[in-house]
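Report on the following structure.
The values are calculated or read from the model by the stated rules, or taken from the named source; none is laboratory data. Predicted, not measured: the structure shown is a model, and the values here were computed from it. Heads up, the Cβs are rebuilt from the backbone with ideal geometry, glycines too, and the neighbour counts pull from every protein chain shown.
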Amino acid sequence: MQITIEFHGVLERLAGAASMSLIVADGAVVADALELLTQKAPNLVDTVERSACAIGDSLVSRSDSLSHGARLALLPPVAGG
Amino acid sequence: MNHLSESPLQLEPLLAQGQFPDCGGLALFAGTIRNHSDNKPVLRLRYTAYAPLAEKLMREIEAETKAHFKIPYCRVQHRLGLLNVGDVAIYCVARSPHRAEAFAACRQAVDEVKHRVPIWKEEFYADGSSAFVQGCCIRQDQAHHHHEHAHA
């Protein structure tokens, strides 16, 4: 199934794009998508490790399931204010 | 009212003037853009956010702050986009019957925004370089979290 990874903050700079489409196996969880992502872009490993993940307005964990068409936002350490 | 704004923040609507006649305290915090960071001259900043979660968390922070301090009013608003030195990045207004709770609520709400809300800050320096400010990890399913940085 196809999902979209959204890059935010410094991840957008490191990835050189605002988003990336990935094909993951049916039944894949967030961790599977991140593993595939970092295989394709090894320079993201450290920042992805320190990033939260969100779908819509909710944080999701590495063990949460993905569905076809999901937009998974990667949120590196935050620095508002 | 949105909690994130691409245009300059408007203070007047946040003050809720004329409301809350039982409140004798109104605390206001305004965070503005400094002209330096770690001894490097800063020309401007760019703030970006993951809006769906940021808006939700800022609503939650307002509600939590009101409940914690038992006050009737707390609002926070954060600017996005390119800001110059001196521009306002964040406003927080808290109102309470007495000043102590208003000051404390204002401080807590701003701290929570800095620690929890998915907003990022890229600094642009006088030498032409730029960098994202190291921030707080908001990943919740991580075994160990080291809070190594200081907050200005």
Which of the residues belonging to segment B:66-99 are among the small types (Gly, Ala, Ser) and crowded, with 22+ Cβ neighbours inside 10 Å?
B:94, B:96
Odd one out for residue A:1 among (1) away from every other protein chain (no Cβ under 14 Å); (2) without any contact (Cβ under 8 Å) to a residue 40 or more places away in the chain:
(2)
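Here's the yes/no breakdown for (1) assigned to a strand (DSSP E or B); (2) out of contact with any Ser or Thr (no Cβ under 6 Å at 6 or more places or on another chain); (3) within 14 Å of chain A (Cβ to nearest Cβ):
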| site | (1), (2), (3) |
| --- | --- |
| B:9 | no, yes, yes |
| B:18 | no, yes, no |
| B:21 | no, yes, no |
| B:26 | yes, yes, no |
| B:34 | no, yes, yes |
Can you find a residue in segment A:51-71 that is touching a residue at least 40 places away in the same chain (Cβ under 8 Å), of a type in the set (A, V, I, L, M) and under 26 Å from residue B:54 (Cβ atoms)?
yes
Return the residues of segment B:47-68 that are touching a residue at least 12 places away in the same chain (Cβ under 8 Å) and away from chain A (no Cβ under 14 Å); say none if nothing qualifies.
B:62, B:64, B:65, B:66, B:68
Got a sec? Which of B:79, B:44, B:75 is in contact (Cβ under 8 Å) with a residue 24 or more places away in the chain, of a type in the set (D, E, K, R) and in contact with a helix residue (DSSP H, G or I) (Cβ under 6 Å, 6 or more places away or on another chain)?
B:75
If I go through segment B:100-111 residue by residue, how many of them are crowded, with 20+ Cβ neighbours inside 10 Å and within 11 Å of chain A (Cβ to nearest Cβ)?
2
Does segment A:51-59 include one or more residues that are part of a helix (DSSP H, G or I) and within 14 Å of chain B (Cβ to nearest Cβ)?
no
Would you call residue A:10 among the β-branched types (Val, Ile, Thr), at pLDDT 95 or above, out of contact with any strand residue (DSSP E or B) (no Cβ under 9 Å at 6 or more places or on another chain) and under 22 Å from residue B:131 (Cβ atoms)?
no
Can you find a residue in segment A:23-38 that is more than 10 Å from the chain's Cα centre (by Cα) and under 22 Å from residue B:123 (Cα atoms)?
no
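So that you can scan it fast, the table gives a plain yes or no per residue for (1) outside any strand (DSSP E or B); (2) not aliphatic (A, V, I, L, M):
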residue: A:14; (1), (2): yes, no
residue: A:22; (1), (2): no, no
residue: A:26; (1), (2): yes, yes
residue: A:35; (1), (2): yes, yes
residue: A:39; (1), (2): yes, yes
residue: A:72; (1), (2): no, no
With A:46, A:32, A:64, A:57 as the choices, which residue is touching a Leu at 6+ places or on another chain (Cβ under 7 Å) and of a type in the set (Asp, Glu)?
A:57
For residue B:123, which of the numbered conditions (1) at the interface with chain A (Cβ under 7 Å from one of its Cβ atoms); (2) over 23 Å from residue B:14 (Cβ atoms) fails to hold?
(1)
